[in-house]
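The values are calculated or read from the model by the stated rules, or taken from the named source; none is laboratory data. Keep in mind that what you see is a predicted model, and the values were worked out from it rather than measured. Methodologically, a virtual Cβ is constructed for each residue, glycine included, from the backbone with ideal geometry; neighbour enumeration extends over all protein chains shown. Remember, those area values only see protein heavy atoms, side chains included, never the ligands or the DNA or RNA. Shrake-Rupley method; radii C 1.70, N 1.55, O 1.52, S 1.80 Å.
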Amino acid sequence: ERLHQADIVISSTASTLPVSLSIPAPTASVTLQPTCIVQTGTITITAPAPSAGISYSIDGVDYSNTTGIFTLVPVGSYNVTAKYPSTCISNTAATLMESSVVVRTWNGSWDGAASTVDEKVVFAADYNQSEHSDENVDITACSCEVNSGSHVTIKTGRYLKLRNELVVDPNGSLTFENNASLVQMSDDPEIAAKNSGNITYKRNTNYVKRYDFTYWSSPVEGQTLKKLSPNTLGDKYYSYNPSSGWVIHYNGNQLMLPGEGYIIRAPQTFSITDAAIDYNPKFQGKPNNGEINKELNGGVVYLLGNPYPSAISADAFLNENDGKLEGTLYFWTHNSPPSIKVDGDAIYNYTTNDYATYNRTGGVTTHAAIQDGDENDPNDNNNFDIPKGNIAAGQGFFAPTSDDGGTVVFNNSMRLLSDLVMDNSQFFKLEKTAKSTSLLEKNRLWLNLTNAQGAFKQTLIGYITDATNGYEGRFDGISYDGNQYLDFYSINQGLNLSIQGRALPFKQKDSVALGYKSIIAGEFKISIGHTDGALASQKVFLEDKLLQVLHDLKEQYLFTTEKGVFNDRFVLRYVDKNAVEEVPEIPQELNKEVLISSKDGVVTINSAVELVDKVLVYDSAGRKLFQKNKIEANLFFIQHLISSHQVLVVDILLSNGTKLSRKIVY
């Protein structure tokens, strides 16, 4: 069928009339090459020029193109042809689409300058940062290939940061030492899917004894619990079901799913009394990359985990999942031997089983700071720093969901803030400060409750942008009471809070109720751990209502207690004794103009002065039973309230900002 009049040749033998079929191949060229960011290019056909009835193909199948310009063409070899109106097809022109990305190759040394985020790196020989002069150099590239026979090791504390894919040949290897990081930047599912081959990611525990558990999450695909800790007793591998509690995975055969948290007990060979680091855990598999989603039910607690082989920002994770999670994360810390660096006989002086807590107000630690502590000392247990916003690779953590729950998202943008790699050096806790994903004003006060034997509990009160004086999961964290000896908290709306965020602007006349629980009778002290923002220069007082004392907390406050729970003894204040005033009563005339009544199961709120903006109802235990925002009406009814016959507290916010609180019998 390939006929063209200009190409017909008539032979000298009239009886045969052979036809020569020869239509010239098109003239085509690559007019735009793929880059690291845009991995496709453009092929342009200039001859035959576009005209009526002529169409083009670069794959020999689809001739729908009539412009001669092919965009979004991946790297590869292509056969370019033209189709004429008479259905004749031209000869083929071979065209090669090549990437413009510069390739830097390691052959015992780099062939040129250090790579950039727009260049590709190829390891064609063994690379071990501990053996080369560039051992303290991080590697940044567009993509990375590890060739067959090449064995690459990224040193502890260093990172390999890639804009796109990682390819590791089955006969090569890529190992990340403890605290090293593999960071991948693109969330494009097509790019994320290009990862191939396995990595080895090592992760040391902190000091543990045989009966201590570590909270884990896998940064790779295909990892089993058993493979992570092969010497753990067969029934000491667990996941967590929000409805039924801990689930045993006998012999550790369970695959570790991305974004899920798990706990594994220390190896059975470890001492019961002497803590030691487990240097053996390692993850092996294709690294997790790109967006990871998890569907969570509302109103329960999940054990989640960082799914990537690099740290993520807790703030970015919480911001992305605002409205799906309550907003506070809980990181388990475990026992370690008593420290000789703290005064006293050290009966209770160790990091007890407890939760380091973090939300957008800040973090609460589980142990008193020790000056000049040695991070390699088992007595220090590496758990002293206040959580400040990084979730390490391999780390599992508890996260309560909001009432509605929803799809919780992990993505690569959480791994980078302002193009900086997150610090990955802490485990079980959070450590170095990272740039926040939002600019919040923070004025904070950390209070410590301790005794001479080393018992310790910390609570945090902060005055934060967007916080209110009501309970909000973004800024308020409920105490999980994980410390078996002591609990110390602020109290708001009947809730015991390890972290309480309060509204700006900070007012000196504000006051905060404090409570504690102790199974130890004796002498304790309350002191300021540290402060920041406006509270760094603010006087702070502790009112002891039992002894009728107002104490300036520039000096620690010593007191004696019995065993028990004490929620009515202490109040935090910011004015001196002579200036202490009770919160003024609502004016009598306003009391008369805002009426609340309960009859036949209906609560009626009637305001004759201002519109009702917000209503909250709590039971006698401080549990929130009802909340309605943006009411904007003078008359409001609450029907079918789920509550037994009891006294309820109704908090009302009027449109002019006035707050009222009333008790009713329901």
With a 1.4 Å probe and all protein chains left in place, how much of the accessible area of segment 86-195 comes from carbon and sulfur atoms, in whole percent?
46
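What is the ratio of the Cα radius of gyration of segment 200-313 to 2.2 N^0.38 Å, where N is its residue count, to two decimals?
Numbers: Rg = 14.1 Å, N = 114, 2.2 N^0.38 = 13.3 Å.
Rounded to two decimals, the normalised Rg is 1.06.
Find the eigenvalues of the gyration tensor of the Cα atoms of segment 24-98, then list the square roots of 5 times those eigenvalues as equivalent ellipsoid semi-axes, largest first, in whole angstrom.
Working: eigenvalues 100, 25, 19 Å².
The equivalent ellipsoid of segment 24-98 has semi-axes of 22, 11, 10 Å.
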Setting aside same-chain residues fewer than 8 positions from K554, which lysines have a Cα under 16 Å from its Cα?
K525, K539, K577
Ordering T200, T407, T459, T71 by how much accessible area each has at a 1.4 Å probe, largest first, what is the list?
T71, T407, T200, T459
antiparallel share of DSSP beta bridges within segment 31-161, to nearest 5, in %, is 55
Rg (one decimal) and Dmax (whole number) from the Cα set of segment 26-157, in Å, equal 21.1, 68
With DNA, RNA and ligands ignored, accessible area of W246 (1.4 Å probe; Å², nearest 10):
110
I'd like the accessible area for H151, computed on protein heavy atoms only with a 1.4 Å probe and all protein chains in place. Round to 10 Å², please.
90
Of L497, L558, ordered by accessible area with the largest first and a 1.4 Å probe, the sequence is L558, L497
Modelling each spin label as a point 7 Å along the Cα-to-Cβ direction, I'd like the N280/D62 distance in nm, to one decimal.
5.4
Where in segment 502-540 is the amide nitrogen less than 20 Å from a point lying 7 Å along the Cα-to-Cβ axis of L558?
520-529
Computed P(r) (all Cα pairs; segment 99-218; 5 Å bins; percent)
2, 11, 19, 24, 19, 10, 6, 5, 2, 1, 0, 0
Please report the Cα spread of segment 510-549 along all three principal axes, rounded to whole Å, starting with the longest.
35, 21, 14
T31 accessible area, nearest 10 Å², 1.4 Å probe?
80
Give me the one-decimal nm value for the distance between modelled label points at T468 and H645, 7 Å along each residue's Cα-to-Cβ direction.
3.3
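Using a 1.4 Å probe, what is the accessible area per residue for segment 265-334, in Å²? All intermediate terms of the calculation are to be shown ahead of the outcome.
Details: 2360 Å² over 70 residues.
Computed with neighbouring chains in place, this is 34 Å² per residue.
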